[in-house]
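Enquirer: Structure in structure tokens, see below.
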Amino acid sequence: AVSVLAKTSSSKKQMFFQNRVFVVAAISAFIQCCLGLTVSPALLQPPTTTETKVINQAKRYFSLGNTVKQQLGPTNPSDLRFELADDFEFVAPLVGPLGKEALISATDGLDLGKGLPDFDAQYHDFRVDSDDPSRVWCSMRVVGTHTGEFTFGAVTATPKSPPIQVISPPEAVSLRFNDEGKVREITTGYPMDRRIGNTKGLGGIFGILEGLGYPLPTLLTRSTGEVIAPLLRGVGIAPPPPSQSLLTPPSISRNDALPDEELKRLTIQLLISNFGIQNPSLLANDESFTFSGPVVGPLPKTDFLKTYAAFNFETAFPDLDYQYRDLRVCPFDTNRVWYTSSPRGTHTSTLTIGDTVYPPTGKVWESPPECGSVQFNKEGKCVSLTGGYIMDRRMGNTNGLGGVFGICAALEIQSPFPPFLLYTPAQNLARLRNGGKL
């Protein structure tokens, strides 16, 4: 893949793999343009000794007190008091920040081995943060069969007949260590693809309870837009929900798996063509292709091309740097490649989002890290794109929003629809108390 694409690069069309960062010169909010590349061999090397050490620290932490194949992390109060720093902070999409004692209290009595004896968090894709050598990122994909009593807080979930298997979406997780090797921060439960699993897109313990049939109140777990959507549809304001075929992720046989090198080559080829905006033949047909974000979509090919071809982020943010990195082949979904980006740019030219034009504000858009993916069929056509899934809502200046909605929040301009619809009712209450901030 490197040798083929190196021949096509030019002085004006460059993208860099450097220090574990795959930097795209210009892409749209979810998928904008990538104009060529050169490749540093550093990204192709195995982790350094220092990186391996901190990754092993993270793996050791997750294994503490394990009574199942792979748990979420230790729940024994003595383990947590020893492992967590005094200034520890826990942050999930809908929970936190929680301090050390608050986390110990929240996990008291949590026994995954009793409720789901075959529970497996399936941690994978361990990697060190490109900017912070003390922070380790990984992904998890929870599976487990509910055969015993499972208790979390005030909820006691008794098994049903037949037993239910919970399958969570892929989730972004990180641990940050201090100089003494104590865990300073944990982020977890950030879904990377809401279509996967049976938790209706929720991650973490909230998702496990949802999948088991013991959901927490929707005011805590669902966006305001989701909560009021049935009412809005009833009066003809909101569109109907997408068809189940669009909400179903591709199922590609292992017999159709492409080599990792070919998948990376195809991914970079999509970047060069603006993810098919300039070369739609790289995308599968309308019956096979979808784009899906945490809010937008799923969109079939025709709607995707029409929607994203209208954006001019490259022009509006002349210094746009997507800090695109961590290109990695998925070990679970055949022919799928994941990536991370942290878009940053200054709004110094006219911005167009759909039919709306915004004059320059001079403000900086700094997104939290976002996760996306591309997936291919056996012919090498792209059948699925995902993007805009944030991985740490505290970071950046978008108030925890990704993609187009994050841009609008950072620039303080009108969003395609009211921002309060993107937050849960509980989060909106917190925003009212904190001057609009979470």
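The values are calculated or read from the model by the stated rules, or taken from the named source; none is laboratory data. All figures in this text were calculated on a predicted structure; none of them were measured in a lab. All Cβ positions, even for glycine, are placed from backbone atoms using ideal geometry, and neighbour counts span all protein chains on display. Ligands, DNA and RNA are stripped out before the accessible areas are found, and what is left, the full protein with its side chains, is counted by its heavy atoms. Shrake-Rupley method; radii C 1.70, N 1.55, O 1.52, S 1.80 Å.
Enquirer: Tally up the residues in region 196-223 that are of a type in the set (Val, Ile, Thr) and in contact with a helix residue (DSSP H, G or I) (Cβ under 7 Å, 6 or more places away or on another chain), please.
Expert: Total meeting the criteria: 3.
Enquirer: So, one more: When you scan region 108-123, do you find a residue that is out of contact with any helix residue (DSSP H, G or I) (no Cβ under 7 Å at 6 or more places or on another chain), buried (at least 20 other Cβ atoms within 10 Å of the Cβ) and not hydrophobic (A, V, I, L, M, F, W, C), even just one?
Expert: Checked against the condition, which is being out of contact with any helix residue (DSSP H, G or I) (no Cβ under 7 Å at 6 or more places or on another chain), buried (at least 20 other Cβ atoms within 10 Å of the Cβ) and not hydrophobic (A, V, I, L, M, F, W, C), region 108-123 yields at least one hit.
Enquirer: So Gln323 ticks every box in (1) over 20 Å from the mean Cα position of the chain (by Cα); (2) surrounded by fewer than 20 Cβ atoms within 10 Å (Cβ to Cβ); (3) of a type in the set (S, T, N, Q) but one. Which box is left unticked?
Expert: Looking at each condition in turn, Gln323 falls short on (1).
Enquirer: Being in a strand (DSSP E or B) and either acidic (Asp, Glu) or more than 30 Å from Thr145 (Cα to Cα) (or both) is the requirement here; does Glu185 meet it?
Expert: Yes: the conditions hold for Glu185.
For (1) closer than 26 Å to Ser415 by Cβ; (2) at pLDDT 90 or above; (3) among the aromatic types (Phe, Trp, Tyr), each residue gets a yes or a no:
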{"site": "Ile237", "(1), (2), (3)": "yes, no, no"}
{"site": "Pro249", "(1), (2), (3)": "no, no, no"}
{"site": "Ala257", "(1), (2), (3)": "no, yes, no"}
{"site": "Leu270", "(1), (2), (3)": "no, no, no"}
{"site": "Ser273", "(1), (2), (3)": "no, no, no"}
{"site": "Leu282", "(1), (2), (3)": "no, yes, no"}
{"site": "Glu287", "(1), (2), (3)": "no, no, no"}
{"site": "Ser292", "(1), (2), (3)": "yes, yes, no"}
{"site": "Thr302", "(1), (2), (3)": "yes, yes, no"}
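Enquirer: Let me ask something additional. Please pick out the residue among Pro250, Pro241 that is more than 19 Å from the chain's Cα centre (by Cα), assigned to a loop (DSSP other than H, G, I, E, B) and closer than 30 Å to Gln165 by Cβ.
Expert: Pro241
Enquirer: Still on this structure: Take the residues in region 420-430 that are under 17 Å from Val295 (Cβ atoms) and of a type outside the set (S, T, N, Q); name whichever of them is surrounded by the most Cβ atoms within 10 Å (Cβ to Cβ).
Expert: Leu422
Enquirer: Anything in region 384-403 that is of a type in the set (Val, Ile, Thr) and open to solvent by 10 Å² or more (accessible area, probe 1.4 Å)? List them, or say none.
Expert: Passing the criteria: only Ile390.
Enquirer: Checking Ser251 against (1) open to solvent by less than 40 Å² (accessible area, probe 1.4 Å); (2) without any contact (Cβ under 8 Å) to a residue 12 or more places away in the chain, only one condition comes out false. Which one?
Expert: Every listed condition holds for Ser251 apart from (1).
Enquirer: Also, I was wondering about something else. When only residues in region 129-151 that are out of contact with any strand residue (DSSP E or B) (no Cβ under 6 Å at 6 or more places or on another chain) and over 26 Å from Val166 (Cβ atoms) count, which is most open to solvent (accessible area, probe 1.4 Å)?
Expert: So the residue we want is Asp131.
Enquirer: So Glu314 passes all but one of these: (1) in a helix (DSSP H, G or I); (2) surrounded by 21 or more Cβ atoms within 10 Å (Cβ to Cβ); (3) in contact with a Cys (Cβ under 8 Å, 6 or more places away or on another chain). Which condition number does it fail?
Expert: The failed condition is (2).
Enquirer: Taking interchain pairs and intrachain pairs at least six residues apart, which have beta carbon atoms under 7 angstrom, with the first residue in region 365-389 and in contact (Cβ under 8 Å) with a residue 40 or more places away in the chain and part of a strand (DSSP E or B) and the second open to solvent by 10 Å² or more (accessible area, probe 1.4 Å) and of a type in the set (D, E, K, R)?
Expert: Trp365/Arg344; Glu366/Arg344; Gln375/Asp333
Enquirer: Test Lys363 against the stated conditions and say whether it is of a type in the set (Lys, Arg), more than 15 Å from the chain's Cα centre (by Cα) and more than 24 Å from Ser281 (Cα to Cα).
Expert: yes
Enquirer: Can you find even one residue in region 160-171 that is assigned to a loop (DSSP other than H, G, I, E, B), in contact (Cβ under 8 Å) with a residue 60 or more places away in the chain, within 24 Å of Ser105 (Cβ to Cβ) and under 22 Å from the mean Cα position of the chain (by Cα)?
Expert: Taking every residue of region 160-171 in turn, none turns out to be assigned to a loop (DSSP other than H, G, I, E, B), in contact (Cβ under 8 Å) with a residue 60 or more places away in the chain, within 24 Å of Ser105 (Cβ to Cβ) and under 22 Å from the mean Cα position of the chain (by Cα).
Enquirer: Within region 45-65, which residues are of a type in the set (A, V, I, L, M) and at pLDDT below 90?
Expert: Of everything in region 45-65, just one residue is of a type in the set (A, V, I, L, M) and at pLDDT below 90, namely Leu64.
Enquirer: Report, by residue number, each residue of region 242-274 that is touching a strand residue (DSSP E or B) at 6+ places or on another chain (Cβ under 7 Å) and under 17 Å from Leu299 (Cα atoms).
Expert: If the condition is that a residue be touching a strand residue (DSSP E or B) at 6+ places or on another chain (Cβ under 7 Å) and under 17 Å from Leu299 (Cα atoms), then Leu246, Pro249, Pro250 are the ones that fit.
Enquirer: Here is a follow-up. From the list Glu379, Glu366, which one is out of contact with any strand residue (DSSP E or B) (no Cβ under 9 Å at 6 or more places or on another chain) and open to solvent by 40 Å² or more (accessible area, probe 1.4 Å)?
Expert: Testing whether each residue is out of contact with any strand residue (DSSP E or B) (no Cβ under 9 Å at 6 or more places or on another chain) and open to solvent by 40 Å² or more (accessible area, probe 1.4 Å) leaves just Glu379.
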